[in-house]
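The values are calculated or read from the model by the stated rules, or taken from the named source; none is laboratory data. Worth saying up front: this structure is predicted, and the values here are computed from it rather than measured. Neighbour counts are summed over all protein chains in view; Cβ atoms, including those assigned to glycine, are modelled from backbone coordinates with ideal geometry. Only protein heavy atoms, including side chains, enter the accessible area calculation; ligands, DNA and RNA are left aside. Shrake-Rupley method; radii C 1.70, N 1.55, O 1.52, S 1.80 Å.
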Amino acid sequence: MKKVLVVGGGAAGMMAAYFAAKEGAQVTILEKNKLLGRKIRITGKGRCNVTNASDLETIIKNIYRNGNFMYSSLYSFTNDDLMDLFRSFGLDLKTERGNRVFPVSDRAIDVVRTMEKMLDSQGVKIKTGARVKSLIIDQARTEGLVLADGKKIFADKIILATGGKSYPLTGSTGDGYIMAQQCGHKVTSLYPSLIGMETIGEIKKELVGLNLRNISIGLYKNNKKIYDDFGELEFRDYGLDGPVIKSSSCYVDDFQKNNYRLMLDLKPALSSEKLDARILRDFDKYSKSSIEAGLKDLLPKRMIGYIIDRLAIDGKKPVHQVSKEERQDLLALIKGISFDIKRLRPMDEAIITEGGIEVKEVNPSTMESKIVKDLYFAGEILDVNGFTGGYNLQIAFSTGYLAGVSSAKND
Ligand SMILES: Cc1cc2nc3c(=O)[nH]c(=O)nc-3n(C[C@H](O)[C@H](O)[C@H](O)COP(=O)(O)OP(=O)(O)OC[C@H]3O[C@@H](n4cnc5c(N)ncnc54)[C@H](O)[C@@H]3O)c2cc1C
């Protein structure tokens with residue numbers, strides 16, 4: 001019977017442990033926290049968006065970094081397989097907007113409990129409070145590992161599923177990257193991702209907390225458009241956040257070398273001509289009122305003050321005195337408010353860590369290292385990242401599955 005050690009009791013580690021045990025291995029999870037799955041507990045704002053119910057090609061398209069590496073694992077353990085597995089252990093699931101899948105209970109903790117039940121069903125041993133310090137490698141094959149207290153544990157196979165570096169309070173402190181590097185693996189540059197952006201110039205107080213829906217953004221790198229998106233945005237005291245900003249953050253890397261600018265279109269559904277006609281209609285309706293009042297049907301109240309400030313016109317000016325040039329400036333601003341981006345928010349706040357173990361050094365059909373025999377990787381530690389929508393957990397579950405099954409096989 002193969003002895004498999006899984007380092008990290010997050011989404012990937014628990015899935016790997018379950019399948020390795022199911023395939024007949026004797027499995028132990030070593031988790032440095034007192035509890036398993038601490039990050040899962042805070043996912044999806046406490047509701048855990050476990051996966052996405054789209055077809056697999058769509059899922060791969062939403063894995064913006066090294067999606068091709070995921071073919072084998074995703075097709076071996078699909079989103080449907082995951083949902084079937086969870087349901088078979090009593091976790092009811094529902095699909096929401098954008099094919100996002102959540103527990104019916106809306107409680108992320110239920111996902112952790114389900115996974116604990118799965119581990120229990122296969123007799124997986126769990127050692128919590130066990131921080132792994134380093135791996136023991138002999139002649140390019142794993143022998144075992146060393147715990148923080150100096151204790152050594154030997155095994156046939158090791159699965160590194162220590163996650164990324166973001167939200168370190170959940171236990172993901174990047175230990176696995178160091179262990180992998182010590183065995184000769186390359187770790188690509190690490191960046192915070194799926195995160196808010198700090199802007200140059202402060203965000204006006206009246207905008208902080210304002211949530212805009214149905215807007216679109218364009219992200220520019222050195223004046224060249226590199227990404228656009230449609231959806232929701234939120235103003236924060238440091239700058240911008242919300243789903244479209246989080247997705248844009250995946251395309252932002254080196255601020256030393258590049259300038260980034262974000263253009264916000266408040267009315268993407270209206271062409272400039274249609275918007276002009278709409279403004280004229282509204283101004284006609286409120287012809288006896290101020291420009292502030294004339295915009296109240298078109299824009300959220302808090303946005304009106306901001307727009308008027310940026311145009312440097314008097315908000316109390318009667319609508320009928322607004323010149324054509326002023327109206328054109330207004331229109332241009334509604335269709336394109338520009339924000340220069342200073343930097344991304346810190347890693348601590350990132351939903352995921354972009355970058356990780358160089359995937360060329362990992363066999364995509366088994367998750368085994370091509371450098372060190374009997375060493376496997378699963379989850380966010382790999383240089384594979386998806387957008388928000390359940391893709392990152394599916395990456396963790398699918399790679400966890402493959403690492404688990406392959407590690408248990410005789411070779
Ligand atoms: C706020 C937030 C919300 C999110 N929401 C979603 C969502 O709704 N849907 C989605 O798909 N993704 C979401 N994500 C991303 C998703 O949670 C991660 O991609 C996923 O948890 C990665 O799983 P993992 O098992 O690879 O790593 P982790 O979940 O980070 O697990 C790694 C584990 O390894 C342990 N560990 C680390 N080092 C050691 C060591 N030296 N010794 C022993 N143990 C160690 C850690 O304590 C941790 O428990 C969210 C992330 C955050 C931060």
Subject >> Options Thr388, Thr399; residue that is assigned by TED's automatic domain parsing to the domain that holds Asn62, hydroxyl-bearing (Ser, Thr, Tyr), part of a loop (DSSP other than H, G, I, E, B) and on the phi < 0 side of the Ramachandran plot >> reply: Thr388
**OP:** For region 92-99, indicate whether the set of residues that are of a type in the set (A, V, I, L, M, F, W, C) and free of Cβ contacts under 8 Å to residues at least 60 places away in the same chain is non-empty.
**Re:** yes
Original post:
Can you name the residue in region 153-178 that is of a type in the set (D, E, K, R) and within 14 Å of the ligand (Cβ to nearest atom) and, of all such residues, is most open to solvent (accessible area, probe 1.4 Å)?
Top reply: Lys165
Original post:
Any residue in region 351-363 that is assigned by TED's automatic domain parsing to the domain that holds Ala155, among the β-branched types (Val, Ile, Thr), assigned to a helix (DSSP H, G or I) and within 8 Å of the ligand (Cβ to nearest atom)?
Top reply: no
Original post:
Out of (1) in contact with a helix residue (DSSP H, G or I) (Cβ under 6 Å, 6 or more places away or on another chain); (2) more than 15 Å from the ligand (Cβ to nearest atom); (3) open to solvent by 10 Å² or more (accessible area, probe 1.4 Å); (4) not in a loop (DSSP other than H, G, I, E, B), what's the single condition that is false for Leu393?
Top reply: (2)
**OP:** Just one of (1) part of a loop (DSSP other than H, G, I, E, B); (2) assigned by TED's automatic domain parsing to the domain that holds Tyr376; (3) open to solvent by 20 Å² or more (accessible area, probe 1.4 Å) trips up Gln181, so point out which.
**Re:** (1)
Original post:
With (1) within 13 Å of the ligand (Cβ to nearest atom); (2) within 18 Å of the chain's Cα centre (by Cα) as the list, and Leu82 as the residue in question, which single condition is left unmet?
Top reply: (2)
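From the list Glu198, Glu206, Glu202, pick out the single residue that is at pLDDT below 95, of a type outside the set (Phe, Trp, Tyr) and not in a loop (DSSP other than H, G, I, E, B).
Values: Glu198 fails: at pLDDT below 95; Glu202 fails: not in a loop (DSSP other than H, G, I, E, B).
So the residue among Glu198, Glu206, Glu202 that is at pLDDT below 95, of a type outside the set (Phe, Trp, Tyr) and not in a loop (DSSP other than H, G, I, E, B) is Glu206.
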Original post:
Restricting the first residue to region 138-167 and requiring it to be closer than 18 Å to Lys127 by Cβ, which pairs with a second residue that is of a type in the set (Lys, Arg) and surrounded by 13 or more Cβ atoms within 10 Å (Cβ to Cβ) meet a Cβ separation below 6 Å and a spacing of at least six or different chains?
Top reply: Val146/Lys133; Ala148/Arg131; Ala148/Lys133; Ala155/Lys3; Asp156/Lys2; Asp156/Lys3
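So which residues in region 128-146 are within 8 Å of the ligand (Cβ to nearest atom) and over 17 Å from Val27 (Cβ atoms), if there are any at all?
The first filter runs over region 128-146 and keeps only residues within 8 Å of the ligand (Cβ to nearest atom), leaving 130-133.
Once the filter is applied, which keeps residues that are within 8 Å of the ligand (Cβ to nearest atom) and over 17 Å from Val27 (Cβ atoms), region 128-146 yields Arg131, Lys133.
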